[in-house]
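Structure record follows, encoded as structure tokens.
The values are calculated or read from the model by the stated rules, or taken from the named source; none is laboratory data. Just so it is clear, the model here is predicted, and its values are computed rather than measured. Cβ: placed from backbone, ideal geometry, glycine included. Neighbour counts: every protein chain shown.
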Amino acid sequence: MGQVELEAPAVLSTAEVHIGMSARGYFVQTGGVHNAGQLRVGGAWSGHYELQAGELNAADMYLGCLNNSRSDVLQTGGTATVTGDVSFSGNGVYDLRSGELTVLGSAYIGAAGGNQYSIDTNMCLLGGGRAAFGSIMVGQYEDAEKGRLAIISPGAQVEVTDTLAIGPRGQFQAVPGAVIHMTGSAFINESTDPAALAGLGNLTLVFEGGAAEVDPFEVAGEDMGPVLTGFADNFALGTLTLGGADIGKVRLCDTFDNQGDGALGNEALYVTSLEIGAGSYLDLNGLNIYYLNFIDSGGTIDLNGGSMTQVPEPGTLMLIVVGFPMLLKRFRRW
């Protein structure tokens, strides 16, 4: 496919569209409706799909190229709905800047099996608009291409209804203020490289799956105790919020050896802010949480053998260091 433009009020329906199969392909949609069946962007050559307005519907979407060129979907408006899965491989990129993207199945960012050319630039970039996914699987398998999920604007509205999984070859980036709404979703972390997931420190995860859902949350940090160094290069999370549009119920777990020490059940969660809404529930499941700030608006916390400990910030430590001798001096005067 060379270059195709779709405008309103046109309706285009095809069983399969392949952009970049035997030559570079370019598809621009400025309106209308495109029912694509299977949509393949990239192949032997690079492909580019630009959705500016209108409606794009696909059963499945495949992004990637075999010749080290970027193949991408750039969405600056309109609505895109994928009833199945989106698979990223070979420099496949989805760049959402505005509009709505809905993936009812899974977004596989970094396909299994690798690629003989470039394996580093499979990306889902969320810079605006609204993105709703069944699951997001980022670099999940050892033999997968690298995958990157990046929230590059705090204005992006992101929702996951089933699973957010970051694997051994996954990367996560986020700007301050980034939020992911977990509406009945598990958080799985199988990374052993905290630097690759540095964006977690800027992220707010809001669990709001309702009373029927208890969502597992994989902790991954080395348990250093209540010290500030535990927040550095240690899978620390910005904010964990239980409760939003509905109540949130979370159970911590340690089912993967993120620290590579051969043990399970000994890792911890370091989180800057922990917020538990009315009616929400947190089960520590024998694990430890270290936090800087804590707001409890009427939730339930089940330590279940674990512990919650506030980590003194530098200002607090300074007050302790300065204040204790002063109190001791006053005590001696009495």
Review point. Restricting the search to segment 296-309, which residues are outside any loop (DSSP other than H, G, I, E, B) and either crowded, with 17+ Cβ neighbours inside 10 Å or of a type in the set (A, V, I, L, M, F, W, C) (or both)?
Key: Ile301, Met308
Check your understanding: Can you name the number of the only condition in (1) assigned to a loop (DSSP other than H, G, I, E, B); (2) farther than 25 Å from Ser191 by Cα; (3) more than 18 Å from the chain's Cα centre (by Cα); (4) not aliphatic (A, V, I, L, M) that Asn293 fails?
Key -> (1)
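Would you point out which residue out of Gly230, Gly201, Gly225, Gly238 is over 17 Å from the mean Cα position of the chain (by Cα), crowded, with 19+ Cβ neighbours inside 10 Å and small (Gly, Ala, Ser)?
Details: Gly201 fails: over 17 Å from the mean Cα position of the chain (by Cα); Gly225 fails: crowded, with 19+ Cβ neighbours inside 10 Å; Gly238 fails: over 17 Å from the mean Cα position of the chain (by Cα).
It is Gly230.
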Review point. Which members of segment 133-150 meet the condition of being touching a strand residue (DSSP E or B) at 6+ places or on another chain (Cβ under 6 Å), at pLDDT 80 or above and not β-branched (Val, Ile, Thr)?
Key: Phe133, Gly134, Ser135, Met137, Gly139, Gln140, Gly147, Arg148, Leu149, Ala150
Exercise for review: Take segment 70-91 and flag every residue that is surrounded by 24 or more Cβ atoms within 10 Å (Cβ to Cβ), more than 22 Å from Gln140 (Cα to Cα) and either of a type in the set (Asp, Glu) or in contact (Cβ under 8 Å) with a residue 40 or more places away in the chain (or both).
Suggested key: Gln75
Exercise for review: Output the qualifying pairs, or none if there are none: Cβ atoms under 8 angstrom, residues six or more apart or on different chains, first residue in segment 255-279 and touching a residue at least 60 places away in the same chain (Cβ under 8 Å) and among the aliphatic types (A, V, I, L, M), second residue surrounded by 13 or more Cβ atoms within 10 Å (Cβ to Cβ) and outside any loop (DSSP other than H, G, I, E, B).
Suggested key: none
